[in-house]
Number of protein chains: 2
Amino acid sequence: MAQKLRRHSLESTAQAGSGHPTSCMSAADIVSVLFFDEMRYDPADPGGRGADVFVLSKGHAAPLLWAALKEAGCIDHDLLTLREITSPLEGHPTPLVPWVRVATGSLGQGLCAAAGMAWARQRDGEPGRVYALLGDGEAAEGSVWEAAQFASFYRLDNLCAIVDVNRLGQSGPTMYEHHVGVYEERLSAFGWQTAVVDGHDVGQIRDAFARAREVEGRPFAIVARTFKGRGVSFLEDKDGWHGKPVKKGEELARAIAELGDTGVSLPVKARRYDKAPKPLSEPALHATPDYTLGQEVATREAYGTALAKLAAASPRVVALDGDTKNSTFSDRFKAVAPDRFVESYIAEQNMVGAALGMSTEGKIPFASTFACFLTRAYDFLRMAVYSRPKHLVVCGSHAGVSIGEDGASQMALEDLAMMRALLGTTVLYPSDAVSAERLVVAAAQTPGIVYIRTSRPKTPVLYANDEPFPVGGSKTLRATANDAVTVVAAGVTLHEALAAHDLLKKDGIALRVIDLYSVKPIDAATLVRAASETGAIVTVEDHSVCGGLGEAVAAAVAGRGRVEILGVRDIPRSGKPAELLEAHGISAAAIVRAVRKLV
Amino acid sequence: MAQKLRRHSLESTAQAGSGHPTSCMSAADIVSVLFFDEMRYDPADPGGRGADVFVLSKGHAAPLLWAALKEAGCIDHDLLTLREITSPLEGHPTPLVPWVRVATGSLGQGLCAAAGMAWARQRDGEPGRVYALLGDGEAAEGSVWEAAQFASFYRLDNLCAIVDVNRLGQSGPTMYEHHVGVYEERLSAFGWQTAVVDGHDVGQIRDAFARAREVEGRPFAIVARTFKGRGVSFLEDKDGWHGKPVKKGEELARAIAELGDTGVSLPVKARRYDKAPKPLSEPALHATPDYTLGQEVATREAYGTALAKLAAASPRVVALDGDTKNSTFSDRFKAVAPDRFVESYIAEQNMVGAALGMSTEGKIPFASTFACFLTRAYDFLRMAVYSRPKHLVVCGSHAGVSIGEDGASQMALEDLAMMRALLGTTVLYPSDAVSAERLVVAAAQTPGIVYIRTSRPKTPVLYANDEPFPVGGSKTLRATANDAVTVVAAGVTLHEALAAHDLLKKDGIALRVIDLYSVKPIDAATLVRAASETGAIVTVEDHSVCGGLGEAVAAAVAGRGRVEILGVRDIPRSGKPAELLEAHGISAAAIVRAVRKLV
């Protein structure tokens, strides 16, 4: 069967005129054993929570995955449509094929997601195992070692990683070429049980999988020594053949001839565990704020309070945090649901990857840390978009210069830009405790990836407990028939805007003030109306002037009125929050100055 | 001396009312041995290329660093101004104190920068050693293991890491608490020579440093078992004291009393290596493009060509790449200057961190990979901003959907947003080979962090070889006195805009076309003029509609004219480049449709 998978990989990439056949060929024996012998699954049921699941972390070997799925009877697509715009058989795996749980292709991420799936199954007592196939080149990614430590720390003995050590990377040999001992020693030091095999010896591979099923209390890694391009003399172990198909015609024919008999068929019958998976409960997501107007509460604290309420409301909600739980207030979730709280330590990439994996197991994950440290996980958030998760909520606390004395390294000034730029995301930015709690619930109910930005300082409660906060909306907090200027803000700067309103009112200048709690999607209608009804819009944000709230407003208004953006332009330093708001021109006084220039 | 450093740390944080005294106290003995015994440096010379250098990777122990620098006679600031807005003694280390080479405070980054410094010194034959002090909590960051493998792979025996295993993280115990063997085993598996010491035993620490100086061919790690809050009974090894100062007055007095005699003074005399550092050459950075108009060349290829010319022009230029050198074309640099090319393998975080470290040694580093994978290093780029490097050029290739068949995982759609959002960065986006080469040279001459975005497809040369491309400028390629609409574009979409111009011209609609090769800083004057002279601006970019070129233009125009943003809104898939440009509404046809709606 491995030879047939190799043939498919050669043919489909030759037809496409691009792709990575040699990276498929090194792993063909491993994948053939997995799909046609080792894994228990029903080819008719891609959802399969009760079945074993496979993650192709070395995503460029997608043609091999498509071939295995086709031969196993899981999919019926024509393999020769690989990489065509109308085909779900993409160049790297995506969930357009429902057997793909997480999109891969950015190396070093599959093991993190697999670890998250394994954690969820272990917690729920589900018997299905999780297999992740990695390349040797990608083992250079630190995130692989974050996942490795996570998996051994949480004793995920339902997780099996296979490292396809084929010696050659994209642009030359890998760091350790065929020194499989390096990988074995490192994985062992990271707490894994290991086996080294000849990755082209089906018997050895099968035996290793059998051993992996026996191990208790730790994950299992198979380090497989392989050859890139295995099976075709002019490709095997040859430099210069990464990401390069053979030519259709004579070259392809010559390659296929070398593979020998590729006529075998091994239809897979459903192989399931006896135990049926527990049904997923319908999430009943609700939480009611309980504050009094004017009460001083940080939005980060309200996040924790609401999260704890969600913990009680639905067993599907899980929370992760990167050793900041006492600052993000996710420790309130841990206090009421310790078995659904996952301390992810200071390893944000794996935290987001694992949360994504949990999502594919029906969880509604909330992952939190300081917003600035989410930049660490940006590539994981990017790939999460392409994984199209049902739910993934990310909360970043300690937004902006208003954190004060800790200094620039702890200030998130790019998080709105980075989360907005991702396709199809939702970006929420509450300004008081009521809206924070409402938006936490909304986040859990909103499909896809939702980002919540919270702030460190305490701010007064602005809204009644029953005020609704629909995603995509805004709140006009101050408005008259003759407003001179509109100020749009969120978070701490909204309170500065309200103070500016009061200061200017004394001078007879009427300010409209809009709380833009939903930064994406944005309430363009309200903004355009404000731009036309008042002379201009001033936006003010505790964030870089590029890519954040201000530019979101400028783009929404699209020239139908003046937009002046106040935000952080220069490198901040340690100082008191109020000093920093003033120094960076986003204080009430700065708003007053900006408005005076416009009227 | 350690007790005195502890006293300073307690007093300065108590005065500031915030900070991390207990994290200082665990490392006080290590730092005292380093500054007052082990390291060779001249307290009067912070630049010190011929001296040993210290990187405080666990940046929250900044008060300890300030105390050591003060006691050693390196700085003269009042330690009690810690965290005040007028003081350079920030909450986390920044180069406002010139002894700080790289800003720290986002954990897991210091070792990457230290490895880059060590690489540069090894290459130049400089004798000074590099010391990096890490916390145990931060060892959970994958980037630490990227740096670890980089340092052993490049045999950096001038690098010494110390891991301060104080058992307690921010919100609870670390993963491995006091199991120092775990760290030792992992570092050893990653190719380091190791020593385990009692981190409060000055003799043991000193001996370990002596051993480290003897080792050849591999880096050295000292795993130090310590106690957080060491020296004060009510702080030592106690939970709940992370990031919390003692109270001024009675509590502080009680703590200081427990420290015993803190009256010692150990002024440091200059201790230098015999060998003076080689003087840095003045960079003579030039490279002249050599193309013919209309010639089809990808900007990524022109990047490689120009980089190879810079290699010849200045020995200070170094290049790094993440196993994509045959795609980014940085292999052209390697071909002419192999000893200044650093294969960084698939570990983008360390690549950027090491490049930053090299910059502090006088190098002009160019680091390249697929632009989408730079998202992996976003936190490193963020911290690089705060490190204020003289030079750091980052190049991301394979921008946007125009890469085609590889699919979304390989498409950079957020890179302009993420690089623009960083404070003080320069963002360049060439559209043809001439501008690409010119901008590579401009990048090397521009202070700070410069991002160059290159594209995969071949595009025709638009400019004469002597055309200047100043940073902050733009090129108006098509203009008449009665242009109906202005199209602003860069990269592949500029060529779509030119095609749209020709199509519309046939119908008598005149289009102004602007090449916005400098996305940041932006040529606001030209854009505002275009907005007022033509009816509206249409921007078109192979990037997310959020945070990129379009919003940059919208913000620059600020409402002084209509701005319509064309860009990627939906998740792309594999397909042919032209199909994808059309599918995502950024083709010539899509521009024509958008313009027709406006006129």
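The values are calculated or read from the model by the stated rules, or taken from the named source; none is laboratory data. Computed from a predicted structure; not experimentally measured. When we count neighbours, we look across all protein chains shown, and the Cβ atoms used for this are built from the backbone with ideal geometry, even at glycine. Remember, those area values only see protein heavy atoms, side chains included, never the ligands or the DNA or RNA. Shrake-Rupley method; radii C 1.70, N 1.55, O 1.52, S 1.80 Å.
Just a few scattered comments:
- Any chance residue B:383 is more than 7 Å from chain A (Cβ to nearest Cβ), under 15 Å from the mean Cα position of the chain (by Cα) and part of a helix (DSSP H, G or I): no
- For the condition closer than 29 Å to residue B:84 by Cβ, free of Cβ contacts under 8 Å to residues at least 40 places away in the same chain, facing another protein chain (nearest Cβ under 8 Å) and within 35 Å of the chain's Cα centre (by Cα), residue A:569 qualifies.
- Of all the listed residues (B:489, B:531), the sole one being within 14 Å of chain A (Cβ to nearest Cβ), open to solvent by less than 30 Å² (accessible area, probe 1.4 Å) and in contact with a Ser or Thr (Cβ under 9 Å, 6 or more places away or on another chain) is B:531.
- The sole residue among A:134, A:96 that is buried (at least 21 other Cβ atoms within 10 Å of the Cβ), aliphatic (A, V, I, L, M), at pLDDT 95 or above and closer than 22 Å to residue A:380 by Cα is A:134.
- Test for residue A:387: is it open to solvent by less than 10 Å² (accessible area, probe 1.4 Å), of a type in the set (Ser, Thr, Tyr) and closer than 21 Å to residue A:97 by Cβ: yes
- Some residue of the stretch A:296-303 being in contact (Cβ under 8 Å) with a residue 24 or more places away in the chain and within 19 Å of residue A:114 (Cα to Cα): no
- Among the residues of the stretch A:364-384, the ones that are in contact with a Lys or Arg (Cβ under 6 Å, 6 or more places away or on another chain) and either open to solvent by 10 Å² or more (accessible area, probe 1.4 Å) or free of Cβ contacts under 8 Å to residues at least 60 places away in the same chain (or both) come to 1 in all.
- Checklist (1) surrounded by fewer than 18 Cβ atoms within 10 Å (Cβ to Cβ); (2) in a helix (DSSP H, G or I) applied to residue B:209, failing item: (1)
- Selection of the stretch B:331-369 for residues being within 9 Å of another protein chain (Cβ to nearest Cβ) and touching a Leu at 6+ places or on another chain (Cβ under 9 Å) yields B:343, B:344, B:346, B:348, B:350.
- Some residue of the stretch B:506-520 being open to solvent by 20 Å² or more (accessible area, probe 1.4 Å) and of a type in the set (A, V, I, L, M): yes
- Applying the set (1) within 30 Å of residue A:464 (Cα to Cα); (2) open to solvent by less than 70 Å² (accessible area, probe 1.4 Å); (3) free of Cβ contacts under 8 Å to residues at least 60 places away in the same chain; (4) out of contact with any Phe, Trp or Tyr (no Cβ under 9 Å at 6 or more places or on another chain) to residue A:281 leaves exactly one unmet item: (1).
- From the options B:153, B:227, B:190, residue that is open to solvent by 10 Å² or more (accessible area, probe 1.4 Å), over 23 Å from the mean Cα position of the chain (by Cα) and among the aromatic types (Phe, Trp, Tyr): B:227
- Complete set of residues in the stretch B:562-586 that are part of a loop (DSSP other than H, G, I, E, B) and open to solvent by 10 Å² or more (accessible area, probe 1.4 Å): B:569, B:570, B:571, B:573, B:576, B:584, B:585
- Here is the figure for the stretch B:511-533: residues that are closer than 30 Å to residue B:456 by Cα and free of Cβ contacts under 8 Å to residues at least 60 places away in the same chain total 9.
- Residue in the stretch B:393-401 that is touching an Asp or Glu at 6+ places or on another chain (Cβ under 6 Å) and free of Cβ contacts under 8 Å to residues at least 60 places away in the same chain present: yes
- Residue within the stretch B:158-169 that is open to solvent by 20 Å² or more (accessible area, probe 1.4 Å), touching a Pro at 6+ places or on another chain (Cβ under 8 Å) and within 14 Å of chain A (Cβ to nearest Cβ) present: yes
- Note on the stretch A:419-447: among residues that are among the polar types (S, T, N, Q) and within 13 Å of another protein chain (Cβ to nearest Cβ), the one that is nearest to the chain's Cα centre (by Cα) is A:425.
- Within the stretch B:196-217, the presence of a residue that is within 12 Å of another protein chain (Cβ to nearest Cβ), out of contact with any Cys (no Cβ under 8 Å at 6 or more places or on another chain) and touching a residue at least 40 places away in the same chain (Cβ under 8 Å) is excluded.
This table checks each residue for (1) under 30 Å from residue B:384 (Cβ atoms); (2) more than 9 Å from chain B (Cβ to nearest Cβ).
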| position | (1), (2) |
| --- | --- |
| A:539 | yes, yes |
| A:550 | yes, no |
| A:561 | no, no |
| A:565 | yes, no |
| A:580 | yes, no |
| A:593 | no, yes |
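- Single residue of the stretch B:15-34 satisfying the filter (open to solvent by 10 Å² or more (accessible area, probe 1.4 Å) and within 18 Å of residue B:83 (Cβ to Cβ)) that is farthest from the other protein chains (Cβ to nearest Cβ): B:15
- Some residue of the stretch B:282-300 being assigned to a helix (DSSP H, G or I) and closer than 30 Å to residue A:243 by Cβ: yes
- Residues in the stretch A:400-418 that are touching a Leu at 6+ places or on another chain (Cβ under 8 Å) and either part of a strand (DSSP E or B) or more than 9 Å from chain B (Cβ to nearest Cβ) (or both): A:400, A:401, A:402, A:412.
- Selection from the stretch A:106-131 of residues that are in a loop (DSSP other than H, G, I, E, B), open to solvent by 10 Å² or more (accessible area, probe 1.4 Å) and either within 14 Å of chain B (Cβ to nearest Cβ) or at negative phi (or both): A:107, A:109, A:126, A:127, A:129
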